[in-house]
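The values are calculated or read from the model by the stated rules, or taken from the named source; none is laboratory data. All values derive from a computational prediction rather than experimental measurement. Cβ atoms come from the backbone with ideal geometry, glycine included; neighbour counts cover every protein chain shown. Ligands, DNA and RNA are excluded from the accessible area calculation, which covers all protein heavy atoms including side chains. Shrake-Rupley method; radii C 1.70, N 1.55, O 1.52, S 1.80 Å.
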Amino acid sequence: ATSKISRNFSSSSSLHTSLPQDLLIAGDSTFPDMPIATVTLEDSNPLCVEAHPTNPRLVCIGSADKRVTLIDWTSSKVIGSVLTSAPVLTVRFFLSKAHTLLVLAAGMDGTCHLVDFSQEEQNAVVLKWRDHDSYVLDARTDVQHGVAGDETSRSSRLRCVTVSRDKSCVVSSLSCHHTSDDGGSSSSVTSWERVKERSFFFEHCVETAV
């Protein structure tokens with residue numbers, strides 16, 4: 001067993017060194033000009049991360065302390081941080097010009113949170129629901145499926161897929177509605193609605209969705 005492992009490592013090493021040199025990052029001072037930003041989240045253990053699909057400055061992090069945090073990577077500035085109901089295992093942006101700071105977050109209690117970082121922290125969780133009886137291990141939104149839609153009245157209808165340790169997969173649609181407030185002014189009230197479209201059950205735990 002030892003010699004077999006040794007030969008495999010040797011083969012792997014040979015393959016690795018055959019790659020173009022500009023693709024090999026040694027992890028030291030080999031590339032001193034490479035921009036690297038460091039962000040420290042106090043008393044937190046990051047469990048997942050998602051880069052914004054159209055804005056390279058923005059990164060969203062889900063943590064064991066139940067928080068979802070939006071960061072400006074270029075300045076290491078925390079734009080917003082929202083407390084959810086459980087440790088967060090997956091975070092996903094939506095590819096929508098109308099909702100550029102909208103994030104789907106889900107985690108260990110099976111609850112999904114729709115977080116809008118354009119709102120104040122106390123109002124940032126605009127919707128939450130629970131379909132799964134165990135961990136939500138992964139999620140996909142329209143950014144993965146490439147269904148951004150137009151930016152007219154129907155552009156606010158988004159879709160997401162969540163998969164869980166309980167062997168289930170759920171497809172949901174999310175709609176944003178704008179209504180005038182009771183004061184009769186020009187301002188409007190935004191509300192979100194979620195509809196469960198379909199659900200599937202598999203023989204084993206579902207760990208990822210594409």
Boolean, V88 is over 19 Å from R157 (Cβ atoms) and open to solvent by less than 10 Å² (accessible area, probe 1.4 Å): yes
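Can you name the residue in segment 91-131 that is of a type in the set (S, T, Y) and without any contact (Cβ under 8 Å) to a residue 60 or more places away in the chain and is also least open to solvent (accessible area, probe 1.4 Å) among such residues?
Just the residues of segment 91-131 that are of a type in the set (S, T, Y), to begin with: 96, 100, 111, 118.
Then drop every residue that is not without any contact (Cβ under 8 Å) to a residue 60 or more places away in the chain, which leaves 100, 111, 118.
Numbers: T100: 63, T111: 17, S118: 76 Å².
By that ranking, first place goes to T111.
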Any chance you could count how many residues in segment 66-76 are surrounded by fewer than 21 Cβ atoms within 10 Å (Cβ to Cβ) and modelled with pLDDT of 90 or more? 3
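How about segment 57-150: which strands (runs of 3 or more DSSP E) wholly inside it have at least 2 residues that are under 11 Å from the mean Cα position of the chain (by Cα)?
On the way: elements: 58-63, 67-72, 77-83, 88-93, 102-107, 111-116, 125-130, 136-141.
Counting at least 2 such residues, we get 58-63, 67-72, 88-93, 102-107, 111-116, 136-141.
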So which residues in segment 40-55 are of a type in the set (A, V, I, L, M) and surrounded by fewer than 17 Cβ atoms within 10 Å (Cβ to Cβ), if there are any at all? L41, V49, A51
